[in-house]
Structures are given as C-alpha cells and as structure tokens.
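Asks: Quick one: the structure is below, and I'll ask about it shortly.
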C-alpha cells in the first residue's frame, strides 16, 4: 500500500487534524445537550426534582406534573404561616380579651395545621421552603409591634385581612389548574383555611378602612 509522501513527512499534522475533528464533534454534542428543553436537577438526598430556586419549568413526579405555579404556591403558603402565626400570637398578648381573640385563635389553629401539611408536601415533592419571613413581612410584624394600643386592632385587622385576600385567589387558581394530586389536595385544604380566616376576620374584627393589597 502506498502512503502519500506528505503523510510520511508530517504524521503529526494528520494526527492533529483528527484530534481537532474529534474536539469539534464533542463541542457540537455539548451544545446539543445544552439546548435540550429540560432542567438538570441535583437529586442528592431529595425525594423530588430539586429545590424551588432551581425549578425553571414543569417536571414530572409520581403525583403528576409539578409546575412553577405549584412550587410558588407552596412557598407562599409557607411564608404566610411564618409571619401570620407570630402576628396572631402577638394579638393574643396585646388584646387577650378583645375582639381579636377569636380571630387570632382561629388563625393560630389554621396556620399551624396548614404549615405542617405544606412542609410534608414540599418534602415529598423536593421543593425547598423558606425558613423565615421576607423582609416585607418582617416589616409588617414591626409595624404591629410599634402600633399603639388604640390603633392596634385596626392595624392588625387591615394587615391580616389584606394578606388573606391576596392569597385566596392564588390558591384557587392553582387548585383549578394544577396537574399534581398532592398540590391539588393541599390547595383545597388551604382554600378552606383561608376562607375561614377571612370570614372570622370580617365577623370578629369588622371592616375598617379599605386595606392595601399585600402579598
């Protein structure tokens, strides 16, 4: 078999060409993988697809598809309990025999049970939950602490009524649209809890000035 003179003279050049060609194929494959329409999850120690901050889209679970809206509701329900439970406990201290007592008692009961359920569902689905209220929510708690005894009931009622009124339609939307059975069951339970809280806030505390919508 005859070998071209240029190959005999410069074998390294042809080897380099083959290496360069292989590198181009590898780069092309990596580019294709990057373009695939699914997120890459870390499954270490998790039952579900991964923490909420990595969840960019819809992922499959054993209970059905889990969407960004589903994960967002879990986070919002957790955050609601993180600041509304302390607010309700403070109301019992500031107004133990006043009109707030029944509302505060019901909020404590409802959010304690709901928060427990949220954490179980989040664990099963691998959704990471916050461990403290947001800066805005901590500001509301400071606002309650700073309120005078004369204004406390009104400030408390306005903040809690507004927060529940904002969360209520978000729960209903996820309950109607989710394709995940765990999330649907949780949303149904949360819908009833928040509706009960809205009712008791209106009944026991009464309507004050039109509140600002809160998250």
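Readers should treat all values here as calculations from the given coordinates under stated rules, not as data from a laboratory. All of these numbers come straight from a predicted model, not from anything done at the bench. Please note: Cβ atoms are built from the backbone with ideal geometry, for glycine as well, and neighbour counts cover all protein chains shown.
Asks: Which of rounded, prolate, oblate describes the stretch 111-153, given a ≥ b ≥ c as roots of the alpha-carbon gyration tensor eigenvalues and a/c under 1.5 marking rounded, otherwise prolate only if a/b is larger than b/c?
Replies: It comes out oblate by the Cα gyration axes.
Asks: Going by Cα centres, the stretch 149-164 and the stretch 97-130 are how many Å apart?
Replies: The two parts, judged by their Cα centres, are 19 Å apart.
Asks: What is the order of 114, 66, fewest Cβ neighbours within 10 Å to most?
Replies: Fewest to most other Cβ atoms nearby, the residues stand as 114, 66.
Asks: Which of the three applies to the stretch 81-215, rounded, prolate or oblate, going by the alpha-carbon gyration tensor with a ≥ b ≥ c and a/c under 1.5 meaning rounded?
Replies: In terms of gyration-tensor shape, prolate.
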